[in-house]
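Notes to accompany the following structure.
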Amino acid sequence: MEQAIEQNKEQEYTTIIKPKSGLLEIDFKELWRYRDLCMLFVKRNIITQYKQTILGPLWFLIQPAMTTIMYMVVFGGIAKISTDGLPQPLFYLAGIAMWQYFADCLTKTSNTFVDNAGIFGKVYFPRLVVPIANVTSNLVRFSIQLSLFFLVYLYYIIFTDVTIQTNWYALLLPVLVLLLAGLALGFGILFSSFTTKYRDLQLLLSFFVSLWMYATPVIYPLSTITNEKLRLLMQLNPITGIVEFFKYGMLGVGVHEWWMLGYSFAFMVVLLFLGIITFNKVQRSFMDTV
């Protein structure tokens, strides 16, 4: 008997049963262990988005190009909205590239529980892998759209007399993209947690994102807002500072007050904190409501 007890003590256990984790507990090591699964979701998102389409990934270029032309006709030609003296294609493409990445990540991530209920109900893996994969996969689309912006940028630099004052703020691009990804992830997982019970929020979100774009300096420069209260309200939009810093770095125009970027970062940290807490709480019982 004593010998059996000693043998049991010497055994190495491979399965450890732990109590349920708290709301604030995030196992980053577990997320890292599932990085291969995350990459599989990234590939799935990229392949299935334009599967069985004739033009395929060319839609990544067609959509921003057509949107830019529409903005040039409506906002530049009819409404005569200022572009701070810049060529309209450059100004609009800069705003479209940044905004579209944020909007795509937010919209896709907000359906995490609803779209993946079948997978979540069959096998365990960290649920945060899916929204992280959504944000990562959209970087491909963003890179292609940003390439279109750079092609137009080079055209004006080489073949025209337009003066574009690019400066060192352009080096902040990776930071700006990271802020956009963090904000989209935070808003997305927060909305995803609520839509498990309230499906109306899915319809509300698409409408809200459309309106949100007009509250962001995508089709107009922030400098044209002369009313101080309205301008401050626009600056409290966490996306405003990111878009303006990108335009200033690449094109030399835009409001580049550092407190705006700091505000966007602080907003992102708080949003991710609240989003992850809510996400962790909902993922325990969402199968009962989806």
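The values are calculated or read from the model by the stated rules, or taken from the named source; none is laboratory data. It should be emphasised that the depicted structure is a prediction, and the values quoted were computed from it without experimental measurement. We place every Cβ from the backbone using ideal geometry, glycine too, and count neighbours over all the protein chains shown.
Miscellaneous remarks
- Hits in segment 117-129 (condition: outside any helix (DSSP H, G or I), surrounded by fewer than 19 Cβ atoms within 10 Å (Cβ to Cβ) and touching a residue at least 60 places away in the same chain (Cβ under 8 Å)): Gly121, Phe125, Pro126
- Whichever residue in segment 104-116 is buried (at least 21 other Cβ atoms within 10 Å of the Cβ) and not charged (D, E, K, R) and, among such residues, is nearest to Ala215 (Cα to Cα): Leu106
- Thr195 vs. criteria among the polar types (S, T, N, Q), at pLDDT 85 or above, surrounded by 12 or more Cβ atoms within 10 Å (Cβ to Cβ) and at negative phi: no
- Residues located in segment 130-143, provided they are modelled with pLDDT under 90 and surrounded by fewer than 18 Cβ atoms within 10 Å (Cβ to Cβ): Val140
- A Cβ distance below 7 Å, combined with a sequence gap of six or more or placement on separate chains, defines the contacts here; from segment 31-43, residues that are surrounded by 13 or more Cβ atoms within 10 Å (Cβ to Cβ) and in a helix (DSSP H, G or I) reach residues that are modelled with pLDDT under 85 and not polar (S, T, N, Q) in the pairs Leu31/Pro126; Leu37/Phe125.
- Restricting the search to helices (runs of 4 or more DSSP H) fully inside segment 199-260 and requiring at least 3 residues that are in contact (Cβ under 8 Å) with a residue 24 or more places away in the chain gives 200-214, 238-251.
- Subset of segment 105-116 (residues that are within 16 Å of Arg44 (Cα to Cα) and part of a helix (DSSP H, G or I)): Cys105, Lys108, Thr109, Thr112, Asp115
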